[in-house]
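Below you'll find the structure, written out as structure tokens, and then a few comments.
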Amino acid sequence: MDKNLIIQIIFYGFSTVLILSALKVITARNTVYSALFLVLAFFTCSAIWILLRAEFLAIALILVYVGAVMVLFLFVVMMLNINEQPLREGFIKYLPVGILVAVVVVAEMIIVITNGFGAITEAKASGLMVTSNTKALGSVLYTDYLYQFEIAAVILLLAIIAAIVLTLHHQTGTKHQDPGKQVQVKAKDRVRLVKMDTEKVE
Amino acid sequence: MFLDLLWIVVKILLIVLPLMFSVAYLTYAERKIIGYMQVRCGPNRVGPYGLLQPIADAVKLLFKEIIIPSSSNKFLFVIAPILAIAPALAAWAVIPFGEIDVSTTVAGKTTTTQELLVLADIDASLLYILALTSIGVYGVIVAGWASNSKYAFLGSMRSAAQIVSYEIAMGFALVGVLMAASVYQIDPVTDPALVGKSAINLGVIVKSQSGGFWHWYWLPLMPLFIVYLVSGVAETNRAPFDVAEGESEIVAGFHVEYSGMAFAVFFLAEYAVIILISMLCALLFCGGWLSPFEGIPHLEEWFAWVPGLVWLIMKTMFFMFCFLWFRATFPRYRYDQIMRLGWKVFIPVTIVWIVVLAAAIAYELPPWFDQV
């Protein structure tokens with residue numbers, strides 16, 4: 001069999017699964033199912049990226065989104081315990097916002113597809129693609145796009161600190177333990193050995 | 001084409017069958033070793049020294065009925081053990097077991113090159129393993145939720161929080177390994193198997209530790225090594241971090257509703273991950289298949305005949321023993337203490353050591369980072 005044909009079959013197979021699971025994310029009545037379908041969508045997406053030989057991006061997608069972000073998502077969804085969501089609640093109310101977001105996303109995709117592929121061939125011409133994908137990404141991220149990369153990192157750090165500050169409130173009267181003090185405790189701080197004379201029972 | 005596929009299947013079997021055998025006898029070793037540590041005999045009824053005990057257990061579990069709770073989510077309940085075992089087995093695809101000489105004869109001319117003994121020789125193999133070990137948690141979460149039981153749910157919640165927390169420390173420890181391995185210059189003459197690979201490849205990481213056991217990363221990366229080993233224990237939900245099972249308060253945690261083979265699959269996944277983490281400790285920090293007598297006069301020649309795979313298995317066995325040793329000797333951590341250890345001790349330690357390591361690499365500290 002032709003190798004190209006196999007790649008095509010794999011691509012269309014994964015694409016079908018990706019589109020179906022993405023549709024199920026927004027149509028499933030059970031929120032836990034939605035989250036699990038999103039996991040499936042991420043997974044098939046990374047398989048398609050591997051077909052494109054973007055192995056670093058594909059593995060990073062699984063590591064970050066499937067392995068960490070979606071676990072926390074599932075965590076929250078399961079804790080909320082909303083099993084059956086009424087479908088189409090406030091459908092009309094959110095429709096204008098939804099259409100706006102959809103138009104922006106489609107516009108962005110068109111810009112990327114019409115202009116973006118030129119950049120990839122340029123990179124190929126400059127010899128970046130010759131070395132491994134991971135190496136090429138790393139060398140570009142820390143040289144040409146250093147500022148953007150660092151700004152993104154700072155924004156994420158800020159988000160973490162903000163989330164911690166929002167949930168941090170100093171309660172008084174908690175039985176908080178100081179592990180440092182616990183370690184330093186000696187036997188004589190807790191136990192007192194008393195020497196007593198034997199008493200006679202009358 | 002067909003022969004290639006068949007050859008891949010044979011290779012997969014060559015990895016999976018010994019793994020299943022190891023899992024079976026790891027359970028035997030666990031019961032026996034913990035038994036001796038607690039001054040008991042351990043299993044000694046089935047076969048000589050109880051050696052057939054794992055087989056008897058497997059047969060028992062095979063014949064037991066799989067009970068699906070009536071109010072459970074049936075589809076997710078059945079699929080959860082599969083979600084647990086699939087990543088545990090798939091991660092083995094990129095583990096290099098050593099180097100082999102491959103001779104190819106083209107037009108009467110025989111050329112011999114070295115190749116890594118690995119199923120899938122991909123460049124980003126370390127990242128792949130990190131990604132796959134991180135998705136093993138889905139089996140636990142889905143099992144806990146689908147069982148529709150409070151004990152199972154509590155167990156899976158604890159386990160999920162614990163695994164996500166310790167993954168960060170584990171990832172940082174691996175960053176240190178990558179930094180150290182990136183110093184290594186791949187020479188196409190001496191390392192034909194590694195041409196075109198970067199420091200993120202497990203083969204490169206092992207070869208970068210060559211030159212005697214004091215070159216292995218356990219010494220220059222000592223804090224990261226300890227963090228990785230302890231995080232590995234926490235990731236697999238083993239004692240002393242086994243709050244996810246917590247027999248005394250939540251019965252058995254996420255798999256309390258499972259019976260028969262469904263339970264056995266969870267069990268298999270847990271032990272396959274233990275062996276995987278032990279082998280990773282050996283590969284990343286203890287020189288993998290490199291001989292411990294490398295660079296020592298006389299001893300090096302005496303042990304030159306020992307194949308690399310034997311060293312790798314011996315190192316892996318040591319870490320597997322550590323897992324059992326920890327279980328027999330440490331009391332269980334309290335839940336808030338687990339979180340404190342992960343977030344407030346391990347993550348700062350790894351970050352500090354990454355800075356120290358960066359300085360050591362920048363100043364080419366001998367004997368580890370001066371090979372430019």
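The values are calculated or read from the model by the stated rules, or taken from the named source; none is laboratory data. The shown structure was predicted, so the numbers you read here are calculated from the model rather than taken from an experiment. Cβ coordinates were reconstructed from backbone atoms using ideal geometry, including for glycine residues, and neighbour counts include every protein chain displayed. All accessible areas refer to the heavy atoms of the entire protein, side chains included, with ligands and DNA or RNA removed. Shrake-Rupley method; radii C 1.70, N 1.55, O 1.52, S 1.80 Å.
I want to check the label-to-label distance for A:Ile26 and B:Glu249. Put each point 7 Å from Cα in the C-beta direction and report it in nm to one decimal. Spacing of the two 7 Å Cα→Cβ label points: 4.3 nm. Remark on region A:47-70: accessible area falls by at least 20 square angstrom from chain-alone to full-complex state for A:Glu55, A:Phe56, A:Ile59, A:Ile62, A:Leu63, A:Val66, A:Gly67, probe 1.4 angstrom.
The simple Förster model, with R0 at 41 Å and r as the Cβ-Cβ distance, assigns B:Gln185 and B:Ala86 a FRET efficiency of 0.65. Here the spin labels are modelled as points 7 Å beyond Cα on the Cα-Cβ line, and at B:Thr113 and A:Leu57 they lie 2.9 nm apart.
For chain A, the equivalent ellipsoid built from the Cα gyration tensor has semi-axes of 53, 28, 21 Å, listed from largest to smallest. Computed from backbone phi with θ = phi - 60° and the Karplus coefficients 6.51, -1.76 and 1.60, the 3J(HN,Hα) list for region A:175-181 is 8, 6, 9, 9, x, x, 5 Hz; x is used for glycine and proline.
In the calculated pair-distance distribution of region B:180-308, the portion above 17 angstrom amounts to 68 percent of the Cα-Cα pairs. Projecting the Cα atoms of B:Val118, B:Ala362, B:Ala146 onto the charge dipole of the protein assembly as shown (Cβ charges, centred on the Cα centre) puts B:Ala146 farthest toward the positive pole.
Given +1 at the Cβ of Lys and Arg, -1 at the Cβ of Asp and Glu and no other charges, the dipole of chain B around its Cα centre is 1180 debye to the nearest 20.
Here the Kirkwood formula, the inverse mean of 1/r across different C-alpha pairs, assigns the protein assembly as shown a hydrodynamic radius of 27.0 Å. Measuring only protein heavy atoms, the 1.4 Å probe finds B:Trp325 accessible over about 110 Å². Magnitude of the charge dipole for the protein assembly as shown, about its Cα centre and with charges confined to Cβ atoms of Lys, Arg (+1) and Asp, Glu (-1), is about 1580 debye. Mind listing, in residue-number order, the residues in region B:81-129 that have at least 30 Å² less accessible area with every protein chain present than in their own chain alone (1.4 Å probe)? Output list: B:Asp123, B:Ala124, B:Leu127. Within the listed set B:Ile186, B:Ile67, B:Ile95, the residue fluctuating most in the Gaussian network model of chain B (springs between alpha-carbon atoms under 10 angstrom) is B:Ile67.
Loop only per DSSP, at most 14 neighbouring Cβ atoms within 10 Å: give me the GluC sites (Glu not before Pro) in region B:1-105, ordered by residue number.
Sites meeting the loop and neighbour criteria: B:Glu65.
To put it simply, the accessible area of region B:121-165 at a 1.4 Å probe is 64 percent carbon and sulfur. In the protein assembly as shown, a dipole from Cβ-located charges (positive for Lys and Arg, negative for Asp and Glu) runs towards its positive end, and of A:Ile9, B:Ile8, A:Gly90 it is A:Gly90 whose Cα lies farthest in that direction. Each eigenvalue of the Cα gyration tensor of region B:117-202, multiplied by 5 and square-rooted, gives one semi-axis; in descending order these are 38, 14, 6 Å. Dipole check for chain A: with +1 at the C-beta of Lys and Arg, -1 at the C-beta of Asp and Glu, and the Cα centre as origin, the magnitude is about 520 Debye. In this structure the protein assembly as shown gives 59 Å² per residue of accessible area when probed at 1.4 Å with all protein chains present.
Between B:Gly246, B:Ala282, B:Phe293, the Cα set farthest toward the positive side of the dipole of region B:195-334 (charges on each charged residue's Cβ, about the Cα centre) is that of B:Phe293.
Counting only lysines at least 8 places from A:Lys93 when in the same chain, those with an alpha carbon closer than 27 Å to its own are A:Lys24. Comparing B:Leu126, B:Leu268, B:Leu17 in a Gaussian network model of chain B (Cα springs below 10 Å), the most mobile by mean-square fluctuation is B:Leu17. A crude spin-label estimate for the pair A:Tyr142 and A:Phe11, with each label 7 Å from Cα along the Cβ direction, gives 3.4 nm. Treating the Cα atoms of chain B as identical point scatterers in vacuum, please give the log10 of the normalised Debye intensity I(q)/I(0) at q = 0.08, 0.12 Å⁻¹, two decimals. Rounded to two decimals, the profile gives -0.45, -0.99. Straight-line cross-link reach from B:Lys60 at under 25 Å between alpha-carbon atoms covers these lysines, not counting any fewer than eight positions away in the same chain: B:Lys32, B:Lys74.
For chain B, hydrophobic long helices are taken as DSSP H runs at least 27 Å long by C-alpha position along their axis with mean Kyte-Doolittle hydropathy of 1.0 or more; these are B:2-37, B:150-181, B:260-285, B:308-329. Using a 1.4 angstrom probe on protein heavy atoms only, the contact between A and B buries about 2300 square angstrom of accessible area, both sides summed. Distant-in-sequence amide contacts of B:Glu99, defined by a placed amide H-H separation under 5 Å and a gap of 5 or more residues or a different chain, comprise B:Leu117.
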